[in-house]
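As structure tokens, the structure follows; a few thoughts come after it.
The values are calculated or read from the model by the stated rules, or taken from the named source; none is laboratory data. All figures in this text were calculated on a predicted structure; none of them were measured in a lab. Don't worry about glycine lacking a Cβ; one is built from the backbone with ideal geometry, like all the others, and counts go over all protein chains shown. Side chains included, ligands, DNA and RNA excluded: accessible areas come from the protein's heavy atoms. Shrake-Rupley method; radii C 1.70, N 1.55, O 1.52, S 1.80 Å.
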Amino acid sequence: MAKKFIFPIIIIIILVAVIYQTILKKEEPTFTLAEVIKGKVSQEVSETGQVKKGDKINLSFKNSGRIEKIYFEVGEKVEAGDVLARLDTVELQNQLKEAKSSLKLAQAQLAKLLAGPTQEEVQAAKTKVENSQISLNSAKENLEAVYQDSLNTLEDTYLKAYNAQNVVDIVQRTYFISSDQPGISVKENKEKIIKAVSQIKSYLDSAKTNPSQPNIDIILPLIKGQLANILDYLGIIRENCEDPAYRNVVSSTDKSSLDTQRTNINTALTNITDVQQSITSGKLQVETAEGELKLAEDNLALVTVPPRQEDIDYYQAQVEKAQAKVQILENQIQEAILRSPVDGQIVEVNKREGEIVQPVLQDIVIAILPAAPFEIEVDIYEEDIVKIEVGNPVDIFLVAFPNQVFRGKVVNIDPAEKIIEGVVYYEVSIDFEEIPEGVKPGMTADLIIKTASKEDVLVVPEDAIQKTDGKTIVEVFKNGTIEEREIETGLLGSNDLVEVISGLSEGEKVILR
């Protein structure tokens, strides 16, 4: 019987496996990752040229400026590396000094962030919290004292109101017992005063029974309103005392007593207002102290918490930005010196000291006739010419000398373009460091011009970089998720590596597309 059940069970298992594989199982995303590392980026331009006899080399400055000094005259001989002319660099030197200061500041900020707070800073932050707590406690105690004093003020207020009631009662029963208009008015206002005094008494009893701050805050304006009413009622009674029928009846002593009560009630009103103002000021002091304590606590938390990676990345980017600024200015200062690229003889001096030159190749300052009998001329495509500078080292491979590598350098870049089959090229002249014996004009030369190189910089493969909406981005794979991140790139290498100036950290993983 057991065998009859085995076959159906096997069929069910197979069906479940098929359903899982075809329907339920989600296809895992597949992609290639590359690690952000520190390495070398080399930029090269490869082209083929021809050996020719040496020709005049025109020299210009790369940047505009005022010529400070010209060191040679026409006919004088020069050696490779000799300084021929110099631009005024006072402003550039000032800018460089400022840029170096900014770099030091950025480096100090990064170092401070990485080092964390000192014990003194932590203790200072803790002390600030403690002092703020003391200030808050003091503010609360002061406010509590104001509320306690307010009970005394309310007691005094009730006493003044009660005395006024007694004086009014005596005046009414002594003089205003008739049913004439003044008598009715005085009696009605006396009853209003009695009612107001009774209301003040109930408020006072409530404050004593429940002396909480919220309850007193409610009671104060209520008592103040009753006092204002009593003051009005006293004023009406005093006016009735000056009625023609009573002016000479009511004694001056009783009139003076009524005036005194009005003064007392007015004083009580002022005292209530002062208490309210003191309470408002005390509350403000408590709120201010609470705010200062919160700031002190937040600062303590900020001081003691480890630095976030985002903050580290930000300050690192500031350092790199400042370094780039320094490098640019240092390059400009170096470029303000015009040096001879070859041994030769000065054949033209087209500028004078004090003249302004422009950063264009047509603004020729000095021309040199090389001493070397041979040079290599090569046409460089317009997209590559911007990478090449005078002085770039060159590896030279001559077809006539197989398996040999000769060294040379770029000595001139012709400012005029050449159109070859509709494409723009620029003629570049290259000198041999040592002329091979037996070299002839017209020989073919394969060239590798080394335009730039950087070592120990962050690099990623070129395939990891994408351009989106004018931004340079990479996809970072972190904790199982893909994050798009904007980066700033530097040198694009011929070895398919790209320098990353900011936006990535060493060890992160990027996706290759």
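Worth pointing out:
- Whole-angstrom gap from segment 365-398 to segment 80-97, using each part's C-alpha centre: 24
- Rg over Rh [alpha-carbon atoms, Kirkwood Rh] for segment 60-104: 1.14
- Taking other residues whose beta carbon is less than 15 angstrom from the beta carbon of Ile70, and scoring Lys, Arg as +1 and Asp, Glu as -1, yields -3.
- Placing R0 at 51 angstrom, the Cβ-Cβ distance between Glu130 and Thr263 gives a FRET efficiency of 0.55 after rounding to 0.05.
- Surface listing: Asp156, Asp395, Asp232 arranged by accessible area from highest to lowest gives Asp232, Asp156, Asp395, probe 1.4 Å.
- Counting all C-alpha pairs of segment 322-407, share separated by more than 23 Å (%): 45
- Two-decimal log10 I(q)/I(0) for segment 183-340, as the Debye equation yields it once each C-alpha is a single scatterer, q = 0.19 Å⁻¹: -1.17
- Look at the dipole of the chain built from charges on Cβ: of Leu92, Leu220, Val347, the Cα furthest out on the positive end belongs to Leu220.
- Surface analysis of segment 228-365 yields an accessible area of 57 Å² per residue, using protein heavy atoms and a 1.4 Å probe.
- Calculated over segment 426-513: convex hull of Cα atoms, volume per residue (Å³): 158
- Positive end of the dipole of the chain (Cβ unit charges, origin at the Cα centre): among Gln277, Leu59, Ile368, the Cα lying farthest that way belongs to Gln277.
- For the chain, the C-alpha radius of gyration divided by 2.2 N^0.38 Å, with N the number of residues, is 2.03.
- Residue among Tyr426, Thr481, Ala245 farthest towards the positive dipole end of the chain, charges placed on Cβ: Ala245
- Full-extension gain in nm, Gln123 to Asp169, via 0.36 nm per residue minus C-alpha separation: 9.7 nm
- Measuring between their Cα centroids, segment 473-506 and segment 179-257 lie 84 Å from each other.
- Computing FRET efficiency as 1/(1 + (r/R0)^6) for Lys255 and Glu290, where r is the C-beta to C-beta distance and R0 is 60 Å, gives about 0.65.
- Cα→Cβ-extended label distance, 7 Å offset, between Thr481 and Ser453, nm: 4.3
- Overall, the accessible surface of segment 238-355 at a probe of 1.4 angstrom is composed of carbon and sulfur to the extent of 48 percent.
- In this structure, the amide hydrogen of Leu491, modeled 1.01 Å from its nitrogen in the peptide plane, lies closer than 5 angstrom to those of Glu499, counting only residues at least 5 positions away or on a different chain.
- Length added when fully stretched, Asp298-Glu35, from 0.36 nm per residue minus Cα-Cα: 90.9 nm
- The length gained on full extension between Ser101 and Gln466, counted as 0.36 nm times the residue separation minus their Cα-Cα distance, comes to 127.9 nm.
- Nearest-0.05 FRET efficiency for Lys321 and Asn350, computed from C-beta distance (R0 35 Å): 0.35
- Evaluated at q = 0.10, 0.13, 0.14, 0.15 Å⁻¹, a Debye calculation over the C-alpha positions of segment 79-211 (equal weights, vacuum) places log10 I(q)/I(0) at -0.70, -0.86, -0.90, -0.94.
- Put simply, the amide H of Val342, placed in the peptide plane, has neighbours under 5 Å in Gly81, leaving out anything fewer than 5 places away on its chain.
- Of the listed residues Ile312, Ile420, the order by accessible area with a 1.4 Å probe, largest first, is Ile420, Ile312.
- Scanning the chain for DSSP H helices at least 30 Å long along the axis (C-alpha atoms) with a Kyte-Doolittle mean no lower than -1.0 picks out 90-115, 119-175, 181-209, 213-240, 252-304.
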